[in-house]
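Since the structure comes first, as structure tokens, the remarks are kept for the end.
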């Protein structure tokens, strides 16, 4: 598949197979989205996906299905292509978001613990007087 990025859309193309009665199905999903969105099922592999955000990462995949009237009801869709990951108009290794660092939570917990310990120490010193 080839990806042509624009400001708020991406055009997905792939080579058309030399057979008639084929439909090309392109799906995408944003990072963290569990469900795939079907962009289009057309007789040509030239699909524009609108409403994309260049800052987000997207997964794309495609497959070919057949026209039942030409090939019969016994045919099955092809396997999905391997998922490709794209972010900011460039290929990415993965669309998984990096885990949030634990540092701010750890810092807050240590600060609260230090504050409570200091207050207990001051309270103990005040009672001794």
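The values are calculated or read from the model by the stated rules, or taken from the named source; none is laboratory data. Since we're looking at a predicted model, the values are computed, not measured. Cβ atoms come from the backbone with ideal geometry, glycine included; neighbour counts cover every protein chain shown.
On the basis of being in the same structural domain as residue 13 (by TED's automatic domain parsing) and assigned to a helix (DSSP H, G or I), does residue 111 make the cut?
Details: in the same structural domain as residue 13 (by TED's automatic domain parsing): no; assigned to a helix (DSSP H, G or I): yes.
Judged against the criteria, residue 111 is not a match.
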- Message: I want to confirm something. Restricting to the range 59-79 and keeping residues that are under 21 Å from the mean Cα position of the chain (by Cα) and touching a residue at least 40 places away in the same chain (Cβ under 8 Å), which single residue is surrounded by the fewest Cβ atoms within 10 Å (Cβ to Cβ)?
- Response: 62
- Please go through the range 36-58 and pick out each residue that is within 20 Å of residue 93 (Cα to Cα) and either in contact (Cβ under 8 Å) with a residue 60 or more places away in the chain or surrounded by fewer than 13 Cβ atoms within 10 Å (Cβ to Cβ) (or both). 53, 55
- Item | Test: residue in the range 100-108 that is in a loop (DSSP other than H, G, I, E, B), surrounded by fewer than 15 Cβ atoms within 10 Å (Cβ to Cβ) and within 11 Å of the chain's Cα centre (by Cα) | no
- Query: Within the range 1-50, which residues are over 18 Å from residue 80 (Cβ atoms), at pLDDT 85 or above and not in a strand (DSSP E or B)?
  - Reply: 20, 21
